1. Exactly one condition in (1) of a type outside the set (D, E, K, R); (2) touching a Leu at 6+ places or on another chain (Cβ under 7 Å); (3) in the same structural domain as residue 37 (by the TED database); (4) open to solvent by less than 30 Å² (accessible area, probe 1.4 Å) is false for residue 155; which is it?
2. Counting only residues that are open to solvent by less than 50 Å² (accessible area, probe 1.4 Å) and of a type outside the set (Phe, Trp, Tyr), how many does region 158-167 have?
3. Just to confirm my filter: which helices (runs of 4 or more DSSP H) fall fully inside region 189-271 and include at least 1 residues that are open to solvent by 20 Å² or more (accessible area, probe 1.4 Å) and among the β-branched types (Val, Ile, Thr)?
4. Of everything in region 272-290, what is open to solvent by less than 50 Å² (accessible area, probe 1.4 Å) and either of a type in the set (S, T, N, Q) or part of a loop (DSSP other than H, G, I, E, B) (or both)? Give them in sequence order.
5. Is it fair to say residue 117 is modelled with pLDDT of 95 or more, under 21 Å from residue 224 (Cβ atoms) and either of a type outside the set (Phe, Trp, Tyr) or surrounded by fewer than 15 Cβ atoms within 10 Å (Cβ to Cβ) (or both)?
6. Tell me which of these residue 293 doesn't satisfy, since it passes every other one: (1) outside the structural domain of residue 134 (by the TED database); (2) open to solvent by less than 10 Å² (accessible area, probe 1.4 Å).
Amino acid sequence: MFISLWEFFYGHFFRFWMKWLLRQMTGKCELQRIFDTYVGAQRTHRIENSLTCSKNKILQKATHVVQSEVDRCVEDIMKEKNINPEKDISFKICMKACLLQISGYKQLYLSVENVRKRPYDSDNLQHEKLLLKLWNLLMPTKKLKARISKQWADIGFQGDDPKTDFRGMGLLGLINLVYFSENYTSEAHQILSRSNHPKLGYSYAIVGINLTEMAYSLLKSDALKFHLYNFVPGMPTMEHFHQFYCYLVYEFDKFWFEEKPESIMYFNVYREKFHEKIKGLLLDCNVSLTLNI
């Protein structure tokens, strides 16, 4: 209760007077002071919080600006805060970069969600081609005898028809699997081979789809903000989401064999342990989780 009261009074009274006092002392608004003090994700995060908590409608709306309106939005902010572009030359550049990251993160989530909601359709030729591409990337020397086949188990699907395994993550799960296999082919072959270990093996494709859900949930919960704000200087794209997924796949395989689970039956336990590890890393404002091979 005490914390709630403090948040109420700070948000409605103390914050306003503190900002006013600091402006009188420094001659700069809160946004300018943030740019003078912080860099990287910490800067963007603080700018986002400042804009969101502002009582000024123009500043509040800035976090939802589309890319084509960013320059105009920056001009509006400078006008509202009485910032002279000749005295503060860097403000316009810094604010534009932050707004691109902030609004870009929101747009990235919408793009990812749109793909996730699209179910795998076996009547869609493009979907079928993508699925067969996955097979050919992972099993280049082994021909798939039929579309419905027990061979799919060789790359970690549960049944004779992989389409049933994509229900949770839709087309996003397949696209991620193909992206990793296409861009990190040797690593994908290595991990697929390790997944067939007689004691520590796991279902490669199923785990890959599970890790898509992990990447998606981290994005949705805003846990990827520090990572993407550090990793991407402008607007993050689907490419950056796929790259993060690849990091998860590679690191999970290492984690699994380091932990040496007693049985695949304990998968959810170790999956959650890995999830907590990643969430812990993402709390660091300097984090940038990239796949370095």
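The values are calculated or read from the model by the stated rules, or taken from the named source; none is laboratory data. Here the structure is a predicted model, which means the values were calculated and not measured. Counting neighbours? That spans all protein chains shown, and the Cβs are built from the backbone with ideal geometry, glycine included. Side chains are part of the model used for accessible areas, which takes the heavy atoms of the whole protein and leaves out ligands, DNA and RNA. Shrake-Rupley method; radii C 1.70, N 1.55, O 1.52, S 1.80 Å.
1. (3)
2. Residues of region 158-167 open to solvent by less than 50 Å² (accessible area, probe 1.4 Å): 159, 161-162, 165-166.
Narrowing the set further to residues that are of a type outside the set (Phe, Trp, Tyr) leaves 159, 161-162, 165.
Result for region 158-167: 4.
3. Numbers: elements: 204-220, 225-231, 238-259.
Passing ranges, in order: 204-220.
4. So the first thing to find is which residues in region 272-290 are open to solvent by less than 50 Å² (accessible area, probe 1.4 Å), and the list is 274-275, 278, 280, 282, 285, 287, 289-290.
Once the filter is applied, which keeps residues that are open to solvent by less than 50 Å² (accessible area, probe 1.4 Å) and either of a type in the set (S, T, N, Q) or part of a loop (DSSP other than H, G, I, E, B) (or both), region 272-290 yields 285, 287, 289, 290.
5. On the way: modelled with pLDDT of 95 or more: yes; under 21 Å from residue 224 (Cβ atoms): yes; either of a type outside the set (Phe, Trp, Tyr) or surrounded by fewer than 15 Cβ atoms within 10 Å (Cβ to Cβ) (or both): yes.
Criteria met by residue 117.
6. Answer for residue 293: the failing condition is (2).
Per-residue answers, yes or no, for (1) open to solvent by less than 30 Å² (accessible area, probe 1.4 Å); (2) assigned by the TED database to the domain that holds residue 64; (3) in a loop (DSSP other than H, G, I, E, B):
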{"site": "84", "(1), (2), (3)": "no, yes, yes"}
{"site": "87", "(1), (2), (3)": "no, yes, yes"}
{"site": "98", "(1), (2), (3)": "yes, yes, no"}
{"site": "103", "(1), (2), (3)": "yes, yes, no"}
{"site": "107", "(1), (2), (3)": "no, yes, no"}
